[in-house]
Every structure is written in structure tokens, then in C-alpha cells.
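First comes the structure, then the notes that go with it.
The values are calculated or read from the model by the stated rules, or taken from the named source; none is laboratory data. Everything quoted here is computed from the prediction, not taken from an experiment. Please note: Cβ atoms are built from the backbone with ideal geometry, for glycine as well, and neighbour counts cover all protein chains shown. We work out accessible area using only protein heavy atoms, side chains counted, and drop any ligands, DNA or RNA first. Shrake-Rupley method; radii C 1.70, N 1.55, O 1.52, S 1.80 Å.
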Amino acid sequence: MVLEMKGIEKAFGNLSVLKDISLQVDSGEVVSIIGPSGSGKSTLLRCATFLERIDAGEIRYLGEPAVTTNGQGEAEYVGAAELRKMKQHFGLVFQQFNLFPHYSVLKNIMDAPIHVQKRPKEEVRAEAEELLKKMDLVKRAEAYPCQLSGGQQQRVAIARALAMKPSILFFDEPTSALDPELTGEVLKVIRQLAEEKMTMVVVTHEMPFARAVSNRVIFMDGGVIVEQGDPEQVFGAPEQERTKQFLRNYQQ
Amino acid sequence: MTIQTMLGLLAQGFLTTLAIFFLTLIGSLLLGLPVALGRMSRYGVVRGAIKVYISIMRGTPLMLQLMVVYFGPSLLLGLSLPANWRFAAVIVAFVINYAAYFGEIYRAGIEAISDGQREAAQVLGYTRGQTFFKIILPQMVKRVLPPVTNEVITLVKDTSLASVIGTVEMFTRAKQIAVAPNSPGMLTFVAAAVFYYVFNYVVAFVMERIEKAFDYYR
């Protein structure tokens with residue numbers, strides 16, 4: 001099991017955003033999370049990547065605990081140094097790309113492996129060039145993010161995450177900030193990663209994509225997992241009324 | 001007094017003006033950084049203290065601050081000060097005054113950087129120090145260049161305030177020359193104005209060049 005989240009509780013002030021959420025992701029699995037805005041799906045990814053602190057629950061990567069619950073039922077994080085090490089297990093691709101604008105494409109990809117993972121520069125460069133080839137961006141290696149289209153920026157962001165050799169890759173609505181004509185090139189890359197058995201969790205509004213690529217689809221609403229299962233089942237024959245309603249609205 | 005003599009004396013004073021300018025610039029640009037960080041500190045005491053400091057620096061005249069720094073140690077604490085204290089007092093007063101302004105400019109620059117930058121660095125495993133020096137600071141520098149240029153140009157003219165505690169920089173010198181017997185009179189002030197103007201012209205040109213050098217990204 002790559003990721004194990006158990007009994008996650010998260011509130012912003014009085015507003016409870018995640019209510020007793022549990023999620024396990026096995027190696028090679030592609031999980032899509034769908035649901036209306038405010039359902040907590042992005043917050044779930046932000047908790048999994050330690051951008052938000054959970055109030056209660058457990059998070060494990062590759063069996064190693066990152067967060068446990070103490071006797072009082074409160075979440076307890078491992079130390080800062082250990083937590084930073086834990087971040088090597090995952091990568092996150094943001095809706096807004098969040099590339100570093102003052103770094104070239106190549107430096108965006110190479111900087112963290114060199115300065116965080118302390119890997120040899122030559123090795124990292126070779127891998128970065130390989131990733132650029134895969135993303136069809138070899139010619140843009142020396143470009144700066146502002147010179148790229150949104151789709152190209154997002155592919156650089158994916159390469160940047162992959163350069164850290166994560167065990168699991170999270171996508172937070174990776175195509176929501178893109179023009180419709182650019183979403184295809186990003187989805188194609190994610191699909192290719194799925195074929196290579198990259199473990200992924202994708203929060204998305206691209207229903208046909210989720211249906212085609214995922215091994216499992218999770219429908220979230222109001223901070224809970226309403227329904228989950230095989231994509232054909234969730235999309236084709238949803239059991240919950242709320243899921244049916246959401247998918248119906250979506251098709252209109 | 002010939003015009004050449006007058007210009008020579010002004011040029012001499014201008015060297016002191018230059019010294020005040022550069023020492024203040026270096027000192028306050030650097031000190032502005034801890035001021036900005038302190039102003040955003042998660043510790044309320046630090047934040048509060050820096051706020052009070054900024055408020056005083058911006059709320060009272062620099063001319064008065066010069067007097068306090070120069071006379072304060074002997075009047076309040078009874079210290080006897082070395083002969084070169086006058087110049088040191090000018091630099092101290094200018095640096096702590098300008099650092100307050102630069103600190104606020106830096107803070108605005110840092111706060112304008114999207115949270116996504118910090119979050120991307122955090123997820124990649126950068127330490128807090130790496131995040132600040134590699135990701136935040138370089139982007140902040142680009143953003144603050146226009147307001148910093150404003151302050152630097154003001155500083156060129158503010159150096160004349162050192163006159164109030166008797167520092168013989170260009171403005172003090174101009175006043176002395178203008179009232180001397182057989183002086184070129186008004187022409188002295190015109191010459192001083194040209195010195196300041198040309199200096200600021202150069203400052204604006206250099207700052208524009210620096211801004212251009214950051215044009216390669218947005």
C-alpha cells in the first residue's frame with residue numbers, strides 16, 4: 001500500500017470539511033476523485049501532501065506513519081525533518097501549475113532533486129532531459145514559464161514532480177486552469193503515466209477522462225465519500241441518489 | 001571667488017554627499033530585510049516592536065531624528081563622543097530611517113507572491129530557508145524595484161538634511177559659499193541643483209537597467 005489515510009478529520013474554524021475520510025491507494029492504482037465544488041476533494045489532497053494539517057486521523061506512506069492519533073484523539077505529526085523526508089514519497093501537480101517563474105524549464109525540474117535530494121547534477125540532468133523528451137518539451141528546456149502555454153507549463157510541472165521519483169503523484173484539478181483546447185495534451189500525459197503504472201490520485205472534473213483512465217472512482221460530497229468503485233459502476237450504474245444527481249447535472 | 005573655485009568646493013562637498021548616499025543605501029537595503037521579516041514574524045512581540053519602530057521612523061521628521069541620534073547620547077546618557085561621531089550619527093540616523101521604508105516595501109513585495117509558490121516549494125521538500133532565499137527573495141527583488149527606485153531618488157535629495165547637524169556635505173557647502181564675500185551667489189545654488197539632478201538622472205538610469213535585467217521572467 002502506497003498511501004493509507006484513516007479517519008481523516010479536518011475543519012476550518014467551525015466548518016467541518018473532511019469527516020472521517022479513509023482512503024487507501026495501492027501501488028500502480030489510478031484513483032479519480034470527483035464531486036462538486038466545496039466537497040472537500042482538494043482539501044483531501046492538501047492534507048495528504050501536508051499543506052494542511054489534519055485535526056484527527058492517520059496518514060501513512062509505504063507503511064511509514066507520518067501522522068498518528070494520540071490518546072486524546074488528536075492528530076500527531078512526526079518531526080519536521082522526518083516529515084520533510086516523507087515528502088519524497090509523493091509529488092503534487094497544482095491547478096495553477098506554480099512553476100518557479102525565475103527559473104528556466106530545466107532548472108524548474110532539476111533544482112529540487114539537486115538541492116533537496118542532494119543527487120549528483122549530471123545524473124539529474126540526464127533524467128530531466130529524458131523527462132522533457134517524454135513531455136515533448138525538449139526544445140523548451142531553456143525557456144521561462146512565461147514563454148510557455150498553459151498546457152506546456154502544466155507538463156513542466158508534471159516533469160518537475162516526476163524528477164523527484166515519487167511513489168505516488170497527486171493531481172489537483174490539473175486541467176481546470178487550461179483552455180479547453182489545451183486540456184488534451186495534459187490528459188494525454190497523465191494517461192501515458194497510467195499506462196506505465198504510475199500510482200496516481202487525480203482530483204478532476206473531466207468525467208470521460210476519469211472513466212477511461214482510473215481503476216477506481218471516488219465521489220465526494222459534503223466532506224464524505226458518498227460512493228466509490230469501479231469507474232463503469234460509478235458512472236454507469238451509481239447506487240447513491242446524490243451521485244446520480246451529480247452526474248445528471250454534469251451531463252446537462 | 002571664481003566659478004571654478006566654487007565648483008571645486010561643491011565637488012568636495014559632493015564627495016561627502018556620495019558617502020552618505022552609498023553607506024545609507026547599503027545599510028538600509030540590508031537592514032530592510034530583517035525589518036520586513038520581523039514585521040511578518042509569527043511572534044506577536046517581534047511584530048509589535050517592529051510596527052512601533054516603523055511608525056516612529058515614518059511619523060517623525062528625519063531632520064529631527066538626525067538631531068536625536070547626534071545629540072541624544074551626550075544629552076541623555078552623558079556619553080562623551082569621538083570627534084567623528086557627527087558623520088557616524090548621520091549614517092546611523094539615515095540607515096534606521098530608510099530601513100523602515102525599505103522594510104515595508106519588501107513586505108509588500110513578499111506578500112504579493114502567491115501562496116502557490118511557497119506551497120510548491122514546500123511539497124518539493126525545500127527547507128524554510130531554501131524557500132525564502134531561492135524562491136521568494138529573487139521574485140521579491142523584481143517586484144520591489146520600482147518603489148525602491150522612488151526611495152533611492154528621495155535619498156539623494158535627503159542627504160542635504162545632514163546639514164542640520166553641521167555635516168559639510170554639498171548643500172551645507174553651497175550655503176557657506178553663497179554667503180561668502182564675492183561669491184557667485186545664486187549661481188552656487190543653481191550649480192548644486194545641477195549636481196543633484198545629474199546624480200538622480202544617473203540613479204534613475206541605473207535602476208532602469210536593473211529592472212530590464214529582470215525582464216526575462218514575469
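Of B:SER80, B:SER160, the order by accessible heavy-atom surface (1.4 Å probe, DNA, RNA and ligands excluded), from most exposed downward, is B:SER80, B:SER160. Computed FRET efficiency, Cβ-Cβ of B:SER55 and B:ARG128, R0 35 Å: what is it to the nearest 0.05? So, using R0 = 35 Å, E works out to roughly 0.80. Placing unit charges on the Cβ atoms of the charged side chains and taking the dipole of the protein assembly as shown about its Cα centre, the candidate lying farthest along the positive direction among B:PRO82, B:ALA180, B:TYR196 is B:ALA180.
For segment A:7-70, trypsin sites (Lys or Arg not before Pro) meeting the loop criterion (DSSP other than H, G, I, E, B) and having at most 12 other Cβ atoms within 10 Å: A:ARG53. Maximal additional length on extending the A:ALA143-A:GLU82 stretch stands at 18.5 nm, based on 0.36 nm per residue less the C-alpha distance. The chymotrypsin sites (Phe, Trp or Tyr not before Pro) found in segment A:188-252 include none that occupy coil by DSSP while having at most 13 further C-beta atoms within 10 Å.
Treating each Cα of segment B:6-91 as one equal point scatterer and applying the Debye formula with no solvent, the log10 of I(q)/I(0) at q = 0.17, 0.26 Å⁻¹ comes out as -0.94, -1.20. Over segment A:173-214, the pair-distance histogram of Cα-Cα distances with 5 Å bins from zero comes to 5, 23, 37, 25, 8, 2 percent, rounded to whole numbers. Helical runs (DSSP H, four residues minimum) scored at -39500 (n - 2.57) apiece and divided by the length of chain B put the mean residue ellipticity at 222 nm at -26500 deg cm²/dmol. What FRET efficiency do you get for B:VAL45 and B:ASN200 if R0 is 51 Å and r is their Cβ-Cβ distance, rounded to the nearest 0.05? It comes out at approximately 0.80.
When the alpha-carbon atoms of chain A are used, the pair Rg, Dmax equals 18.3, 55 angstrom. Placing unit charges on the Cβ atoms only, positive for Lys and Arg and negative for Asp and Glu, gives the protein assembly as shown a dipole magnitude near 1560 debye about its Cα centre. Principal axis extents of the Cα atoms in segment A:117-203, from largest to smallest and rounded to whole angstrom, are 39, 30, 19. Note on chain B: percent of Cα-Cα distances in each 5 Å bin, starting at 0 and stopping at the bin with the largest distance, equals 1, 6, 12, 14, 15, 14, 12, 9, 6, 4, 3, 1, 1, 0, 0.
Counting only Cα atoms, the size of segment B:129-207 along its three principal axes is 62, 26, 12 Å, in decreasing order. Computed extension gain for B:TYR216 through B:SER183, at 0.36 nm per residue and net of the alpha carbon distance, reaches 6.7 nm.
For segment B:52-112, the normalised intensity computed at q = 0.20, 0.25 Å⁻¹ comes to -0.78, -1.01 (log10 of I(q)/I(0), Debye sum over alpha carbons, equal scatterers, no solvent). Legend: helices of chain B (whole DSSP H runs) are marked when their alpha-carbon atoms reach 20 angstrom or more along the helix axis and their mean Kyte-Doolittle hydropathy is at least -1.0; marked are B:3-39, B:44-59, B:62-77, B:85-111, B:137-158, B:186-213.
Largest GNM mean-square fluctuation among B:MET57, B:MET170, B:MET186, using chain B with Cα springs under 10 Å: B:MET186. For chain B, the carbon plus sulfur part of the accessible surface works out to 68%, probe radius 1.4 Å. With a simple spin-label model that places each label point 7 Å from the Cα along the Cα-to-Cβ direction, the separation between A:SER37 and B:ALA108 comes to 3.1 nm. Based on the reciprocal of the average 1/r between different C-alpha atoms, the Kirkwood radius for the protein assembly as shown equals 26.5 Å. The average projected area of segment A:162-252, computed from the convex hull of its Cα atoms over all directions, is 6.8 nm².
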